[in-house]
Every structure is written in structure tokens, then in C-alpha cells.
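Q: Quick one: the structure is below, questions incoming.
Rule-based calculations on the coordinates, nothing more; no lab input. Computed from a predicted structure; not experimentally measured. Cβ coordinates were reconstructed from backbone atoms using ideal geometry, including for glycine residues, and neighbour counts include every protein chain displayed.
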């Protein structure tokens, strides 16, 4: 135990030499040494957490330690505790919430952003109880009623070219001699016409399918695997229209405009306002 204690004492001396924020440690007993070891053990993964979860540049670790030290020294001082809580939440808002909201509204378009200063002003006004511009209730109502429209307008601007290409594609499909219209701008071509029953939208269906973007990129499908089973009313409107029209045993190619697909939603591989093509083979119906 003596050798271990000496080793730790030497380590403390090295830390003190490189970082003057670290307090000196007294390692006279096993409890002293355990206490020190617990402190060190709690830092396992800390730098990754600071960097990845809190957005801290760990090249400024001395500044972090200074803040940590002040937080520890504050003890039960409620005034200081409130101040430090404000710093922590302020950074979470600026580095986390604002970025997340930008992503949610504007997606990958970095040229558009919410007004961060107004976010901070609204936050502080609500916490302070100042409701001269709007009340908290009216603010929540505005977010609920207007965010979707603002997001769709922002994405319409960012993905205008994608929307235009989809409209041109659907217009070209509509001119083909062998296509039929399902309604709401959805078209289909019959590869195989089945003779079985037709599913209601509340039925579970067994389906082989392949989804493509208008450039031919496959984004989903199971044509070479087991059929998928799901409710006919749990898919996008254009897909549902086909499932509730085609008899079992049918295989169709279905052309779906963006407003009968995912619309303004960003689905990763499927960008906002994307027209889609599905090859659908209806294998069966499960009541």
C-alpha cells in the first residue's frame, strides 16, 4: 500500500505542475486514497462526453477545470448555484436546442436559420415572467400552428428544383398510353392483373415491393425476400390507393407525386417533395 500511495502522490505532483486548478490531495489513509481514486474513475469517458454531448473544445481543458473548481467551491451557495445552472442551460440552448431546431425546420440547408437572439430573448422573458410580446400559452400555440407551415415554406425554397423535376416526371408519365390514373395524380401500369380479392384499408396485406426515386435509385424493397405484412392504411397515400384497388395476385408499377408521398418531410434518402415509383406485388390479404 505504501508504494501505491507514493505513486499516487507523485502523480498528484505532476498534475499540480501542469494545471494549477487542481487542489492538493492528502493521501494518508486508505479512505483518502479511495476518495482520490473515485474522483479519477469518474472521469472515464469525460472528454468524449464534453466534446460529443456538450460541444466543448477540449483544447480548453484548463478553462473547464477552472469552471469545475468554481462550481465545487460554490457548495450550497444558492445564488452561485443558480448562476452556474444558467451558464449550463444557456450553453445547452445555444449549442443543442438552436441547432436541433434549425435541422428540424431547414434540414440540410445551412443558408437558412432561426433567429437565435430572439430564441434567447423569448426564453429569458418567459423565465423572468415578462409577457409583453406574447404569453407562454400563446407562444406554444403559435409554435404548434405555424411551425409546419414555416418548415414547408423553407423546404419548398431549398428543394424547389427537386419539386419541379418531380412535377415534370409525373407529367411525362401521364402521357404514356399504358398508364391508368388512380386519382389525386397517382398513376399505375399493370404488369400482372390478379383475380383475387381487393383489400380494405383496414386489412393487413402481404406485399413484395421496390421503391425508387425518379432517377432510378432504389431506396427500399423486398422483392428478393419474404413479403412484408402491414396495414394498408399505414403507408403513404399513393401506396395505400394502389393496395386498396389492385386484386390479390396483381403486380403494378405505381407512380406517386410528392403530395401523395412524403411531401415536405425529409426522409433521409428521400428528399422533400420527391415523386416516387413503386413496383408492388400484392401476395395476399389477412383480415
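Q: How would you rank 78, 180, going from fewest to most other Cβ atoms within 10 Å of each one's own Cβ?
A: Fewest to most other Cβ atoms nearby, the residues stand as 78, 180.
Q: Further question on the same structure: How tilted is helix 136-158 with respect to the longest principal axis of the chain? Cα atoms for both, answer in degrees (0 to 90, nearest 10).
A: Roughly 60 degrees, rounded to the nearest 10.
Q: What nm distance separates the two modelled labels at residue 84 and residue 202, each placed 7 Å from Cα along Cα→Cβ?
A: Label-label distance for residue 84 and residue 202, simple model: 5.9 nm.
Q: With runs of 4+ DSSP H residues as the only contributors, calculate the mean residue ellipticity of the chain at 222 nm using -39,500 (n - 2.57) per run, divided by the residue total and rounded to the nearest 500.
A: -14500 deg cm²/dmol
Q: With Cα Rg over 2.2 N^0.38 Å in mind, check (1) 1.59; (2) 0.93; (3) 1.09 and report the label derived from this structure.
A: (1)
Q: Quick one: order 77, 224 by neighbouring beta-carbon count within 10 Å, fewest to most.
A: 224, 77
Q: Sort 215, 259, 177 so the one with the fewest other Cβ atoms within 10 Å of its own Cβ comes first.
A: 177, 215, 259
Q: If you don't mind, another one. With a 10 Å radius around each residue's Cβ, average the other Cβ atoms per peptide and rank 36-46, 240-250, 95-105, 153-163, highest first.
A: Averaged packing, sorted descending, gives the order 240-250, 153-163, 95-105, 36-46.
Q: Just subtract the alpha-carbon distance of residue 138 and residue 234 from 0.36 nm times their residue separation and send over the number in nm, one decimal.
A: Additional length available on full extension: 31.2 nm.
Q: If one takes the longest principal axis of the Cα atoms in the chain, at what angle in degrees, from 0 to 90 and to the nearest 10, does the Cα axis of helix 30-41 lie?
A: 30 degrees
Q: For a Förster distance of 30 Å, can you work out the FRET efficiency between the beta-carbons of residue 222 and residue 181, rounded to the nearest 0.05?
A: 0.65
Q: Enter the angle in degrees (range 0 to 90, nearest 10) between the Cα long axis of helix 61-74 and the first principal axis of the Cα atoms of the chain, meaning the one along which they spread out most.
A: Orientation of helix 61-74: about 70 degrees from the principal axis.
Q: Find the centroid of the Cα atoms in the range 176-243 and in the range 65-143, then give the distance between the two in whole Å.
A: Their Cα centres are 46 Å away from one another.
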